[in-house]
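A short write-up of the structure that comes next.
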């Protein structure tokens, strides 16, 4: 998990993306994260790993929103979608649930990104550890993510 944290920081530096790394008390929910970071909840990026039929996907939404499972089913052309289990998330991303970043995983995942995040002045998310976050401009997410916007 530390390697993912360091890898994401390196990627942001290599791409010249202005960002701030914040170390804080361990957080496990979006609400806890916003409170500890001292930022509005809507700045948070919630990265959710889901299982669609026989593969996994990543859905990244504002932290004050909930995943629309009906919409995801339409995107994936399936009637079955579920949240990935903790062991599945760890195997796919190298991270524990609650510390999954929107990019930088062990395995590539089809990613869907809420385009509303791009309009955010700032976004913040954990980078593989429950106690380390990044703050960056929302518009810069597309420079480090290969995602389908919705």
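Looking only at the range 104-125, filter to residues that are out of contact with any strand residue (DSSP E or B) (no Cβ under 7 Å at 6 or more places or on another chain) and modelled with pLDDT of 95 or more; which one of those is surrounded by the most Cβ atoms within 10 Å (Cβ to Cβ)? Before you say what the answer is, go through the steps one by one.
First, the residues of the range 104-125 that are out of contact with any strand residue (DSSP E or B) (no Cβ under 7 Å at 6 or more places or on another chain): 104-108, 118-121.
Still in the list and also modelled with pLDDT of 95 or more: 118-121.
Numbers: 118: 15, 119: 9, 120: 20, 121: 9.
This residue is 120.
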Taking the stated definitions as given, is residue 128 modelled with pLDDT of 95 or more and out of contact with any strand residue (DSSP E or B) (no Cβ under 8 Å at 6 or more places or on another chain)? yes
Among the residues in the range 132-142, are any within 13 Å of the chain's Cα centre (by Cα), part of a helix (DSSP H, G or I) and surrounded by 18 or more Cβ atoms within 10 Å (Cβ to Cβ)? yes
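The values are calculated or read from the model by the stated rules, or taken from the named source; none is laboratory data. Predicted, not measured: the structure shown is a model, and the values here were computed from it. All Cβ positions, even for glycine, are placed from backbone atoms using ideal geometry, and neighbour counts span all protein chains on display.
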